[in-house]
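Please treat every number below as a calculation from the coordinates, not as lab data. Keep in mind the model is a prediction, meaning the values are calculated, not measured. Cβ sites come from the backbone with ideal geometry, for glycine too, and all protein chains shown count toward neighbours.
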Amino acid sequence: MAGYPPEPWRLNGRGCVAVWLVRATQLPPLPARPVTLVGRAVVGTAFVDYRPPGMAYHEVLAAVLVRRGPRVGVSITHIWVDSEASRAGGRELWGIPKERAAFEWDGDGLTASARDGRGPVASVRARSPRFGVWLAAVASTWQALGDDVARTPLRASGLVTPVRAAWRIDPAGPLAWLLPHRPLVGVAVRRMRMRFGPRRRGGRPGG
């Protein structure tokens, strides 16, 4: 077993986040019902650079806004990291389907790309903002874990700034279901702090 820390994980770093509206019929399988607007699901993508203190690794993900009864959260459909400890911990603790990928970052900027063993996954290019507004958010992830659904709370805060970001999704890659749509809005998050976990039982898969 990879030497990942016990939950909750406390993470620090920076990231570039985008929000998309994608046809609900294009979504991958989910453990909960997607939140839809006129047949479109709300999807978030993010490149994240986690730095000490805490685990240090890179990440790119896609997550869908979902609901189970009155509760709203997100379900991560695809995610890649360049840390075996993060990959194993995400899968075993919370049912997050982390895979391995190689990343390139432009130092302290917000230009990044990821590729797995099959080829390119995604890339983003944005200018690093100089200012931001300190915001905090509370949410949960909903992930299939065996015969159960794992609900894992998270808290995050950071300096948030709207940015114009150019996202490229490989049309033959695992995130091709996002296409031909484009992000509606993008933000940069700096000085990010996140507390992830501990997991709670969520019930059987479904809505």
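Structure above, values below:
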{"item": "Per-bin percent of Cα-Cα distances, the range 93-207 [10 Å]", "result": "12, 28, 40, 19, 1"}
{"item": "Linear extension gain, E7 paired with L184, 0.36 nm per residue minus alpha-carbon span", "result": "60.4 nm"}
{"item": "Protection proxy ranking of 10-19, 171-180 - average other beta-carbon atoms within 10 Å, highest first", "result": "10-19, 171-180"}
{"item": "Distance from the range 4-45 to the range 155-191 (C-alpha centre basis), Å", "result": "11"}
{"item": "Spin-label pair V138/R71, simplified geometry with 7 Å Cα→Cβ offset, distance in nm", "result": "1.3"}
{"item": "Rg over Rh [alpha-carbon atoms, Kirkwood Rh] for the range 1-123", "result": "0.98"}
{"item": "Pairwise FRET efficiency - A172 versus E92, Cβ, R0 = 35 Å, nearest 0.05", "result": "0.70"}
{"item": "FRET E, pair R118, T36, Förster distance 30 Å, beta-carbon r, rounded to 0.05", "result": "0.50"}
{"item": "Contour excess over end-to-end distance, with Cα ends at R51 and D106 and 0.36 nm allotted per residue", "result": "18.3 nm"}
{"item": "Å³ per residue enclosed by the Cα convex hull of the chain", "result": "119"}
{"item": "Relative contact order for the chain, counting Cα pairs under 8 Å that sit 6 or more residues apart, in percent", "result": "25"}
{"item": "Gain on full stretching of the segment that runs from R130 to V19 - 0.36 nm per residue minus C-alpha separation", "result": "37.8 nm"}
